[in-house]
Amino acid sequence: MSERPALSFRVAEAVEGRLRRRLTPEGLRRAYRLGYLVLRPWWFVSRPRTSGVKVVVRCGDDVLLIRHTYARRDQWDLPGGFVAPGEDPEEALRRELLEELRVAPVAVISTGTTPSRRDRKREVLHSYAVEIDGRAITPNPAEIAEARWVHREALPEDTSPFTRRMVARAYWEYWTDPPDEL
């Protein structure tokens, strides 16, 4: 028996789907920002249980950092997003990479699962390291304010602590037990 997705998730998905069809990227960017501001108090009250993915996108010794348009815009972060109810986390990471950056990984390594209480949600974050073939990306202007490649040992000062930990973990896993695919 499958569980029915939470009402807040179903409403958010329905609204986002309609907005994506009707708004320009700039309008959608504003809608994401407004939606985030509205959802934060709701998360404080409801304390939802969610599942998400965060992805260290690698190209050799360089990693891709992004600034979102809606949350923690003052910090460099990793691509990622929600795992839909019933969705496999690895499928979610592939979907998010296509939605946010228009890239597909050539190798995927799970780097762990971490509990998180950011934004008052009870979230399980599935973290991955992916290797992509080349640095060509096309950031979604509605979700990504800025994207840049940096050397893994030269992260900017305003990189979030979580991102720093995930980058270190991604390269630790890679150098101690390289995958067969690479």
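Structure summary
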item: Region 19-31, residues that are at pLDDT 75 or above, within 30 Å of Val108 (Cβ to Cβ) and open to solvent by 30 Å² or more (accessible area, probe 1.4 Å); result: Pro25
item: Pair list, Cβ under 6 Å, 6 or more apart: region 130-143 residue more than 17 Å from Ala92 (Cα to Cα), other residue among the aromatic types (Phe, Trp, Tyr); result: Arg135/Trp149
item: Of all residues making up region 154-174, the number that are surrounded by 15 or more Cβ atoms within 10 Å (Cβ to Cβ) and assigned to a loop (DSSP other than H, G, I, E, B); result: 2
item: Residue check, Thr69 over 20 Å from Val167 (Cβ atoms), over 12 Å from the mean Cα position of the chain (by Cα), open to solvent by 70 Å² or more (accessible area, probe 1.4 Å) and polar (S, T, N, Q); result: no
item: Wholly enclosed strands (runs of 3 or more DSSP E) of region 23-126 bearing at least 1 residues at positive phi; result: 80-82, 107-116
item: Some residue of region 105-120 being surrounded by 14 or more Cβ atoms within 10 Å (Cβ to Cβ), basic (Lys, Arg) and either within 25 Å of Val38 (Cα to Cα) or at pLDDT 90 or above (or both); result: yes
item: Some residue of region 82-94 being under 16 Å from Ala136 (Cβ atoms), buried (at least 21 other Cβ atoms within 10 Å of the Cβ) and of a type outside the set (Lys, Arg); result: no
item: Filter result (open to solvent by 30 Å² or more (accessible area, probe 1.4 Å) and out of contact with any Lys or Arg (no Cβ under 7 Å at 6 or more places or on another chain)) within region 36-50; result: Leu37, Val38, Leu39, Arg40, Pro41, Trp42, Val45, Ser46
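The values are calculated or read from the model by the stated rules, or taken from the named source; none is laboratory data. None of the values given here were measured: they were computed from a predicted structure. Every residue, glycine among them, receives a Cβ derived from its backbone with ideal geometry; neighbour counts consider all protein chains shown. Protein only, heavy atoms only, side chains kept; ligands, DNA and RNA dropped before computing areas. Shrake-Rupley method; radii C 1.70, N 1.55, O 1.52, S 1.80 Å.
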